[in-house]
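Okay, structure first, notes after.
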Amino acid sequence: MPAPGEIFYADIPPENPFRVIVTGWRAWPVEDKLFIWRELDRLWTRVSTDMGEYIPPKSVVIVHGKCPYGGVDLWAEQWAKDRDQLWEQYPAEERNGKLLGPERNAKMVALGANLCIGFPGPRSRGTWDCLRKATDAGIENYSKSWFPGIKP
């Protein structure tokens, strides 16, 4: 198995967008959004290198949970917009006053992806849930955080 983030992407047909589930801490501060953007840029460069050419517009799809508080979901979508890539939002449904994040995570994973990247922060239960679901579904995944000692 390749090291996290060191996946070979040349087998993905160029007509199919590269789907990336991005999951992370809802309170990720705006002043640290570049941490997320740098990781997505690194991934974008890796994908384009493996495919032997620059990634054309609309060839990467950022899939996220549209957290109503912003955070990682917002910064990942802004990255996609800034680079003329696609994005999909899957907000958690509400039932009896409770947001159904685990069900939303299951839906994003069930729709399929080439990769899942987690950006956890303190108390990121939903991020770890999505990463576990991706692992169970056979989707390559890894996590990155600038918080010391963050573990599932």
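Quick look at the numbers
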{"read-out": "Where labels lie 7 Å past Cα in the beta-carbon direction, separation of D136 and K66 in nm", "value": "2.4 nm"}
{"read-out": "Residue order, fewest to most beta carbons within 10 Å, for F119, F147", "value": "F147, F119"}
{"read-out": "Cα shape, the range 17-91, gyration tensor, a/c 1.5 rule", "value": "prolate"}
{"read-out": "Residue order, fewest to most beta carbons within 10 Å, for V22, V63", "value": "V63, V22"}
{"read-out": "Sorted by Cβ density within 10 Å, fewest first, the residues D41, D73", "value": "D41, D73"}
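Bear in mind these aren't lab numbers, they're just calculated from the coordinates by the rules spelled out. Keep in mind that this is a model prediction, so the values were computed, not measured. Note that we place each Cβ from the backbone using ideal geometry, even for glycine, and neighbour counts take in every protein chain shown.
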